[in-house]
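Just below is one structure, and these are the notes that go with it.
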Amino acid sequence: KTLLKHLPAKTLEFQNPEEMLRSILRSATTAAKTHPTTGDIRIPAAISASSKLSSSRTFATSTHPKKPNFRPDVKHENAAAGAKAAETLNKDLRARALKEDEKDRSLDIGPDGRPLFTSATSISELTKKDTCTYMKFRREELERVLPEGLPVGMLKEFGDSMRDALLIRQSFLDLRDNFRMVVDPTLQSNTKGLKARKQVVLDGPVSSGKSIALAMLVHWARDEGWLVLYVPKGREWTHGGFFYKNPKTGLWDTPVQAANVLQDFLKYNKDHLQKIPCKIFEPIPLGEGAGVGWMKGADVVQIPEDYTLLDLVQVGLNSTHAAVGVVVRLREELSLVKDMPVLIAVDQYNSWFTFSEYEEPVTVRSCRPIHARELATVNAFRSMIHDNMMVGAFSHSTAVGKLRKDLPVVPADARVNFPRYSVDEAASVCHYYLRQRLIQREAFTEQSWKKIYYLSNGNGAEMRWLVPFMR
């Protein structure tokens, strides 16, 4: 309405608003062509006022325009760098304080005034009296005994607590004593009718300590002089690398994973392997190599009668075509070793009962997922229907899906539920974290740590994350 008041009377004759606007624009264009420099175009006062007003508002908000910021993330990077520097400083101060605390033995007190650390120097010396105490380790010794790699949960515990120590749990001692009784049946007379099992599957909720218990079991077995094949990441057997279908066996060969298995097995067991002679001398069939196809002019590799298990492993490492065949033959040879106890320990064992990462083309537009049992290496080691000692640990953090209770190649009584922390274990854990300055001493009470225990439902990783917030 304000605009119409200032328009000429002739403009108001138009009934259609579009025709009116066209007329106004036509007049303005004509005036611009007639007077290109000093156009005599009269702008209505209302329009002129509104334009000035909007123009003044625009410049009022940015009287002194700032230089555009082409790196808006710099501010966040500086803040993150400052937070990281503060965290590093806090860790340094805490490390210095812990170093001073080592001189004060009165701090090594657990629940009810009991010692917080065990006096045992090896895992073999641990007894029931050592439960709910911590055992100190040396990182160099752990890496020497477990060269295949330490569990992630163990490294996280060492890093957060700033000490290489682990809790001695009764569930681990039961696992260790089970295999001790398998090797020495006379020890069963001291138990209350418990039957030793040669095959064990550790199952339980997330962050219950299955991987750490398995690593400690391997540590103990190797200290005892056993020959142990330790697989800390069973999922790597079914993911990555090359895969080919072997027409001779009908299974899929994964030469890259097979070579990694042989390398890991050789890291700690080299001295044992060179003392154990081979007992199977049948030629090992060759498969496709990693990215190089089939070998020309040879289908098998001969195994001389003077070969040891070390020589057998070297054959697989020297030839990528023979890697898978050597791993399969190694499984057969391990079942025939009688000079020393042999243990096969596999973490992430549940990943061998689901589909692998590999797929087989079926049609031009579809593929079939390959199950882990169709892989030659997994097929050789997965079964527990035999007379050898074998322990597998489920890893629910790998998210392979829930498996049925009765697995096809596992004895019915092999599965053992590995529990989370009990109340007594949680008490020792919280006192240990108090000793390691993860908890403020003035805020530590029995009521406060029990709240954290029940809040986390005994989850070790969650308890370690929650205790610094104790107030």
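The values are calculated or read from the model by the stated rules, or taken from the named source; none is laboratory data. These numbers come from a predicted model, not from an experiment. No Cβ is skipped: glycine too gets one built from the backbone with ideal geometry, and neighbour counts run over all protein chains shown. Heads up: the accessible areas ignore ligands, DNA and RNA and are worked out on the full protein's heavy atoms, side chains in. Shrake-Rupley method; radii C 1.70, N 1.55, O 1.52, S 1.80 Å.
Quick look at the values:
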| read-out | value |
| --- | --- |
| Taking the C-alpha atoms of region 203-310, convex hull volume expressed per residue in Å³ | 146 Å³ |
| Exposure rank, largest accessible area first [ASP101, ASP311; 1.4 Å] | ASP311, ASP101 |
| Point-charge dipole on Cβ atoms (K/R +1, D/E -1) for region 336-471, about Cα centre, debye to 20 | 480 debye |
| Where labels lie 7 Å past Cα in the beta-carbon direction, separation of LYS267 and LYS128 in nm | 3.7 nm |
| Quotient of Cα Rg and 2.2 N^0.38 Å for region 93-232, N being how many residues it contains | 1.14 |
| Surrounding net charge for ALA258, when Lys and Arg each add one and Asp and Glu each subtract one, Cβ distance under 14 Å | -2 |
| Cα gyration tensor shape of region 335-436, rounded if a/c is under 1.5, else prolate or oblate by comparing a/b with b/c | oblate |
| Rough spin-label spacing in nm, given labels placed 7 Å along Cα→Cβ, for LYS195 and ARG138 | 4.3 nm |
